[in-house]
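Worksheet: the structure to be examined is printed underneath.
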Amino acid sequence: MAPELLHDQELLRRIAAKDEDALKELYGIYGQRLFAYALRVTNDEARAEDAVQEALIVIWQKAGGFRSEGRPIAWILGIVHNTALKSLRHRTERISNVMENSLVAADLSPEEHLQVNQQANLLHQGLKGLSPEHREALELIFYQGLSLEEAARVCLCPVGTIKSRLSYARQRLKGLMNRAEAGK
Amino acid sequence: MKHYLDEMPLYVAGELDEKTSKALEDHIAQCESCREELNLWQAMAQTVREEDSRVIAPANAAQIALVKIRKLEDKRLPSWRMPLFSGLRKPLMGAINLLRVQALMVRHDMWPAVAGVMILSVIVALISKQYRVIAFVGPLVAAASLAGMSGPGQDAAYELTASTPTSAWKILLARLSVVSAYNLGISLLASAAMLLIIPADLLGLFILGWLAPMAFLSCLALLLSVWIGTNNAIVLAYGLWLLQYFRISIMFNGTAGLPAWDAFITAYQRFWESPTLLLAVAAAMLTATLFSTRFTDHRLAQYQA
């Protein structure tokens, strides 16, 4: 077993034994990744921070229930997934509408056309316009380095759903770029 | 020709196996549309990685989470903050629950019967100005209530009680505690009523005068009830209690009586006036009673037969 994996399991065992230093150490190692993931899901720094704090509390309470069936990081990201979505559910406006509006704005505004004339900028805007589910699929695969199976476990959905979310994200981003090209 | 569209994100993420990766690379070299597709995936992955690598996590999230955790854990210990008490809480709540349930299982007519007899005794004592009536009746009432507390003939839910996972001795101890506390409370109230005919400074001595005999007679009646049944236990306990008053020279006024018998009665009375001895024997009988429950379960089978 990889030393990194063993160390993570040991950290969770210490957290289960209510070792506060272990929780701090875990955050020291994975805090950036957890916050980046929460930010990708929520699109909001304050909500992402709340989601990470809430996730740390859940980790503290449930570390004893971790069974060494997979990588601890996948289990931890699954907790962040839940707390981040929970923070989104407290929004007064429906998420899909917010995302849809921002995408339309990026799509139609002439000022936006000027700003997003480069691919990187387009992708940056396009990623923001995706729904949380599609953003997190890209995030889990490309940044967190999870396999399709691990990403599916984090999102509590079948592997096929992760694949279709990736595919949908690509279609939306490609469509956005094509429209931007046509508008030049 | 296979275009490997589904495999592209996995290839970009480095999650595709070596053989499929090679096949995909060979295909890309020949197919321009797939090359564009792969470029798009790579650009997307690059954008995600660049954006995320610029994210700076809040430095104090773990500390804030720990503060929240401590607050949550404090809330869960509302009045039992000390670890010692939190450890005792569960067994204590279990004991309280057992007492509450067993109080409901005791014969319901026992409660008013005890109170009624003691009220009558108080009335008789006040009218006759004989406070000793309470000291005489109190132990008898207590013995009767304990003797009739459990067993096939007395417990409406005896079969249920006998088949419960709670040990028989725990059930008996719980009932003993509830009924004895009730008897004690009623007798103390009756004694307080005697303040109408006795000076206040005598009250303590008066209470001590019936307390030890009550404990002794209660434990004796309970022990006997477990082995020989409620009715026999009451008759025997009452007999032993009344025996101290069977002094022949007094009963048959003017006769010489039997000096040996009267000497025995004098010694016997002294026994009933020795609180330390009475309490010690009562404690031994209580232990024997609780231990007896291990050997008296066969009575359920007799009852069912």
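Looking only at the range A:126-147, filter to residues that are more than 10 Å from every other protein chain (Cβ to nearest Cβ) and not in a loop (DSSP other than H, G, I, E, B); which one of those is modelled with the lowest pLDDT? Only one residue fits best here, namely A:G129. Checking the stated criteria, A:E10 turns out not to satisfy the condition of being in the same structural domain as A:K62 (by TED's automatic domain parsing) and either touching a helix residue (DSSP H, G or I) at 6+ places or on another chain (Cβ under 6 Å) or modelled with pLDDT of 95 or more (or both). Summed over the range A:41-65, residues that are over 11 Å from B:P58 (Cβ atoms), more than 7 Å from every other protein chain (Cβ to nearest Cβ) and part of a helix (DSSP H, G or I) total 13.
When A:A152, A:A106 are checked against the criterion of being away from chain B (no Cβ under 12 Å), crowded, with 18+ Cβ neighbours inside 10 Å and at pLDDT 90 or above, A:A152 stands alone in meeting it. Considering (1) at pLDDT below 90; (2) in contact with a Pro (Cβ under 8 Å, 6 or more places away or on another chain), the lone condition that B:S218 does not fulfil carries the number (1).
Candidates in the range A:155-184 are the residues that are outside any helix (DSSP H, G or I) and within 18 Å of the chain's Cα centre (by Cα); of these, the one that is surrounded by the most Cβ atoms within 10 Å (Cβ to Cβ) is A:C157. Just one of the listed residues (B:A45, B:A13, B:A23) is away from every other protein chain (no Cβ under 13 Å) and small (G, A, S), and it is B:A23.
Between B:L188, B:L176, B:L203, the distinction of being crowded, with 17+ Cβ neighbours inside 10 Å, touching a residue at least 12 places away in the same chain (Cβ under 8 Å) and part of a helix (DSSP H, G or I) belongs to B:L176 only.
The values are calculated or read from the model by the stated rules, or taken from the named source; none is laboratory data. Every value quoted in this text rests on a predicted model; they were computed, and no experiment measured them. Methodologically, a virtual Cβ is constructed for each residue, glycine included, from the backbone with ideal geometry; neighbour enumeration extends over all protein chains shown.
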